[in-house]
1. Of all strands (runs of 3 or more DSSP E) completely enclosed by segment A:5-47, which ones contain at least 3 residues that are of a type in the set (D, E, K, R) and touching a strand residue (DSSP E or B) at 6+ places or on another chain (Cβ under 9 Å)?
2. Please tell me if B:I148 is under 26 Å from the mean Cα position of the chain (by Cα), more than 30 Å from C:P69 (Cβ to Cβ) and among the β-branched types (V, I, T).
3. Take A:A23 and decide whether it is buried (at least 16 other Cβ atoms within 10 Å of the Cβ), touching a helix residue (DSSP H, G or I) at 6+ places or on another chain (Cβ under 8 Å) and either of a type in the set (D, E) or within 14 Å of another protein chain (Cβ to nearest Cβ) (or both).
4. Given the options B:A246, B:A226, B:A208, B:A173, name the one that is within 25 Å of B:F63 (Cβ to Cβ), aliphatic (A, V, I, L, M) and out of contact with any Cys (no Cβ under 9 Å at 6 or more places or on another chain).
5. Can you pull out the residues in segment B:33-80 that are surrounded by fewer than 21 Cβ atoms within 10 Å (Cβ to Cβ), in contact (Cβ under 8 Å) with a residue 40 or more places away in the chain and small (G, A, S)?
6. How many residues, within segment B:228-255, are touching a Leu at 6+ places or on another chain (Cβ under 8 Å) and farther than 13 Å from B:S26 by Cα?
7. Given segment C:128-233, what helices (runs of 4 or more DSSP H) lie entirely inside it while holding 3 or more residues that are farther than 30 Å from A:G20 by Cα and touching a residue at least 40 places away in the same chain (Cβ under 8 Å)?
8. Residue under question is C:S143, and the condition is that it be hydroxyl-bearing (S, T, Y) and within 13 Å of another protein chain (Cβ to nearest Cβ); does it hold?
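The values are calculated or read from the model by the stated rules, or taken from the named source; none is laboratory data. Just so it is clear, the structure is predicted and the values come from calculations on it, not from any experiment. Methodologically, a virtual Cβ is constructed for each residue, glycine included, from the backbone with ideal geometry; neighbour enumeration extends over all protein chains shown.
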Amino acid sequence: MNSAESAVLKVEGLSKSFGGIHAVSDVNFELARGELLALIGPNGAGKTTCFNMLMGQLRPSSGNVYLNGEKITGQKPRRIWRKGVGRTFQITGTYQSMTVIENIQMALISHHRRLFSLRPYATRLYREEAMQLLELVGMSEQAERACAILAYGDLKRLELAIALCHEPTLLLMDEPTAGMAPSERIALMQLTADIVQERNISVLFTEHDMDVVFAHAHRLMVLNRGELIANGTVEEIRNDAVVQEVYLGGGSLFAAGDTHA
Amino acid sequence: MGLFIAQLLTGLANAATLFLVASGLSLIFGVTRIVNFAHGSFYMLGAFVGYSLMQVLPGAIGFWASVLLTGLVVGLIGVIVEVLVLRPVYKAPELFQLVATFGVILVIQDLALMIWGAEDLLGPRAPGLKGVVRIMDEPVPLYDLALIAITPFVLFALWYLISRTRIGVLVRAATQDREMVAALGVNQSWLFTGVFFLGAGLAGLGGAIQLPKGGADLLMDFNILAAIFVVVVIGGMGSLPGAYIAAVLISVLNVFGVSYLPQSTLVLMYIVMAIVLTVRPYGLLGREEVVGEHGQVGEPERPIKPAGTKARVMVAVMLMALLALPLADSHFLVILTTDIIIFCLFAASLHFLLGLGGLVSFGHAAYFGGGAYAAGLLVVHVNAPMELAFVLAPLGAGLAAFIIGWLCLRLTGVYFAMLTLALAQLLWSLVFQWDEFTGGDDGLVDIWPAAWLSEANSYFYFTVIVGVGGILLLRHVAHSPFGYALRASRDSQRQAEATGINTKRIQWMAFTMAGALAGVAGALFVFSKGSVFPNELEITKSFDGLIVVFLGGVKTLSGGVVGAASLELVKDYLTRIEYWRLALGLLIIVVVVLAPNGIVGSLRKAWERLRGTPADEPSTTAPVALTSASAGTQESER
Amino acid sequence: MLELSGVNSFYGKAHILRDLGFSINAGEVVSLLGRNGAGKTTTVKSIMQLVKPEKGSVIFDGVELTRLPTHRVAKLGIGYVPEERRIFTDLTISENLEVGRQPPRPGVYSWTQQTLFDLFPNLAERRSNRGKALSGGEQQMLSIARTLMGNPRLLLLDEPSEGIAPVIVEQMAHTILKLKAEGLPVLLSEQNLHFARMVSDRAIIIEGGLKKFDGTFAELEAQPEIRDAYLSV
C-alpha cells in the first residue's frame, strides 16, 4: 500500500503554523480503500487543524494532499466534497430551521446539482432517497421532526447520513462520538463500520474514547504537538513506549493508563 | 497654495464634529452591540440644547460651559433612553434593538419640534473667536483653528480613558466578552449605561460644538447619520484613532469636493469608502468582526411548510376581497390599498433577504428607489412606453443589487449591514446631485401608466396582480431548492460549504433577486404616483423596511407582509394627528418591548399557549444552543 | 458553605440537571466528575447564575443565589474560572488582572498583581503582552489569576486541565494545593481522574445531570463498578 494510485488519501509533508507556532508539522500518511484509520492524540495536538486542512477549511503552510491520486491541496471544502469526501464535525452543523429529512434533502439537492432550481418545492425532491438514508442510520421515524429539538446522538447520526449523500469514497469524522452516552457511542461507530464495509468507503476519524478506537479502527496514528509520533495497528500502538508516555499516560501524575476518566 | 491650506484647515475643523459623533457610535456598538440609529438624534439634541444654554449663559466662559453642559445633558438623555427603552430588549434577538432605536428617533424628532419649533436656528458665534486670521492671504475663522486644536485633545482624552483607566479596561473587556466581565463581578448594566452616557454625551458635544459653524434644525439627525456610519466603517468599528483619521479624511475631501467637484460632494464620501473597504474590508484600523455573523441568534426558525389547502383558500378569499375593493367606491381606500400593497412587496423582498438569508441590509431602499428611478428615467428621457419601463425597472434594480451585493457580501455581520447602507446612500447622492439627469431634488414627474391602465381602478387591479404576484413568488422561492439553499447558508455556512453549496453565490443571487423585486415595487410606485423623488432612495425608506420586517417577525414567513400592512394602516391613521411621530415612535417602542418575536411570532406563541400545544415536545438531552451560529467556539459541555 | 439542592437546569429546551444536590464545606476541595455531557459545566454555570436553574436552590453562606444576577454572585465571593478560559485576548496580562480586581474581603487573603505574579512566575515576565500571545497553559494560569484578583471565598474551576500539557497540569495541581493550604475551598469539575485525586478531598460523580456518587476517593476506589460505569476509561 505505498503507491499514490492505490491509496484513497495520501498526505505528504503537511504542515501548518499560526503566527510562528507550529500546529501541525510534516505529517505523512496514506489511507487505503475500505480502511478505518483513527487519528488520536491529546487535546491541542493538532488533530482538528489537520482535519481542516484535509477538508479545505484551512490552507496548509506546506505539504500536499492527494485524493485518489489527484492533488486537492488548498481547494475549497465544497470542491473537495464534490470529489467524494464526506465530513462530519465535532460540533454538529445541521440546519436548525429544517426538519430531519429536509436536512438530507438539502444535501441531495446539492448532490444532484439543483441548488439554483426554483421548482419544484424542495420538500418534494428526493424524498425516497432521503428516506433510505435515514433508514440506514435508523432515523426514519424522526424524519419530520424539527432538527432543533433532536437529541445530540441523533444529530450525530443525521450528520453521518448527510455525509453519505454524495456517495463519498472517503469520510472524515472529527470526534464522531463526542458528547454521546457510552452505549450510543458503540452503536454509532458500529453503524459507521457497517456502512463503510458495505460501501467500501475509507474513514479517517479522530476520537478520544479509546474503547471506540480500539474496537473499530483498523489502524491508529498518534499526533502529539503537531507531529505524528506513531502509526500502526491497535496492538502496536498499545505497546508503544512513546505513546504510553505522551498520551496514554506517564510521569508522576499519570501513573496508570487511564488519563481520561 | 493659500487656498489649499485654508481648505485643508476648514476640513480639519469640520472633522471635529464628525469625530465626536462617530466615536460615540463606535463606543456604544463596541460594548452593547447595538447599532444605535438614534445616534443622529443625540447629535441634533446637542445642537438644540447647546443653543438654548448659550442663550442663557453669557460670554466666552458661558459658551464653553454650555458646550460641556450640553454633553452632560445629552449624556443623561442617553441614559434615560438606555434604561427605559433598551434594557428591556437586550435579550431580544440581535439587531431587533435597532427597531427600538428607530422609535427613539421618531420620539426625539417630535419632542424637539414641540420644544424648539420648526424654524431652523442659527448658531451663535463663539465669543472671543468671532474673527478670522489670514493665513497666506486666505481668511480662516478663528473658531476653526480652535476646533482643530481641541479635537486632538478630545481624542487623547478618550484614548486615555479607554486605554489607561479601569473604566476603559472594563469597557474593552466587555467589548470582547460581556458575560465573563459579569462573572468577574462587574455590573454589566451599569457599564452599558455608562457607555451610553459617554456615547450620547459625545454626540451631544458634537452637536453643540458645531453651532457657530452651522445651527440647529430638525433634519440634522438623519443628515449626519450616513456620514458617521461611513466614518465608523472607514475607520474600523471600535477604533477611536481610526474614527479620527476617517473623520479628517471625509471632511477634508468634502471641502475640496465643494470647490472642485461641486456636483459630486456627496458621492465622493461613498467612493472613498468603497475604495478603502476594497483594500481593507474591516476599515483602516479595524479588526475582523466575529460577533454578529450572518445567521440568527436565539431560538431557531421553525421548519416551514408549503401552504395547506386552508391557507390557500384564505389567500384566494383575500385576493377576491382585494379585487372587489373598488366596488366600495372609495377613491381614498383604493389609493391607500395600492400604497399598502406596494409597501408589502418592498417589505417582503427585504424579509426574503433578512429572514431567509440572514443578510441584514440597511440599504434596501436603493433597489426600491432604483426601480422607481429606472422606470422614471426611461419614461422621461427616452419616452419609453410604460410596459418597457416596467420590465426594465426590476432589471435595473436587480443590476444595482448584483453589483452592490458582490461588494457587500465580502463582509459579514455589521460591516455588511453598514456597507449596504453606505452604498445605498451612494446611489441616493448620485440621484440627488445629478440634477440634469435625475432632476435632483425636484425629482421626476409626469410618469403615468399606459392608456390601458389609465382607467380609475385599472391600475389598482394591476397593482394587486403584480404586487401580490411578487409576494407569492417570493413565498414560492422560499420553498424551492434555492430558498432552502439560502436558509442552509444562513443556518450553518460551514455545513453548507462542506456539502457542495457555494454559500456566497447563493446569497449573492438572493441579494440580486430581492433587489429586483424591490425594483418591481418601485416601478409600481412610480406609475401610481406619477412622480418620484430622491427620498424614495433615502435611509428613512430603508429603515421603514427594516422596522416592518422586524416588527412583523423575522423568523416567520409572513412577517414582512404583516408588518408592512400593519404599519401602513397605523401610519395612515396616526399621521392625521399633529405629533404623529411621537405617537408612532412610542407605539413602536411598546411593540418592541412587549413582542420581541415580532407580531406574527408573538401571536403564534400566544396562540400555542392558548391551545396548550407546543410545536413538539423537547427531547431530554437535546443541546439546542450547541449549534448556535458561532462555529468557532469550542464545544462546551453542558 | 455552598449548598445546592434540587437544582434543575435547562440548556435551551434540553433538561440538563435533574434534582442535583450537594454541598461544599469550608476549606474543602471537591471534584465534580463525569464524562462529556454529564452536566458538569452546567452545574458550575448554575452556581454562577450564568445558567438560571428553573427549580431548586443554591445557597452560599446563607444567601440564596438563584435570585441574583451573575455579577452579584461574583461580588459575594465566588470566583469562576470558565472551561474555555475566556481571557480577554486584546487586553494585556495586567489589564486582564485589572478586570478581575475587587476590593479586599475581610477574612480572606487579598491578592495583588504582585502576589499573583509570585504564584505564576511565567505570567510576570509577560505582563505587558496581550492575552492572545499566550499559550493554552499560560491562558489557563491567567484565567485563574484573574479570578483570584477578586479575592474569592470559593473558587469554581471548570475543567482546568483540559487541553493542557501534562507538565503544566502538574504545576496547576501544585497551585491548587497551595490555594488549599491557604484555606480556599475549591469546586473542581474534571475529567482527569488522576489530577482530581491528587488535589481534592472528595469526589462527586454526575451522569445525565443526576448525582451518582458522593464520597471520598478511598470510597470510590472501593467501588470500581461506579468508576467503570460513569467514568469511562
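1. A:7-18
2. No.
3. yes
4. Exactly one residue qualifies, and that residue is B:A208.
5. Listed by number, the residues that qualify are B:S52, B:G59, B:A60, B:G62.
6. The qualifying residues number 8.
7. By residue number, C:166-181, C:193-199.
8. yes
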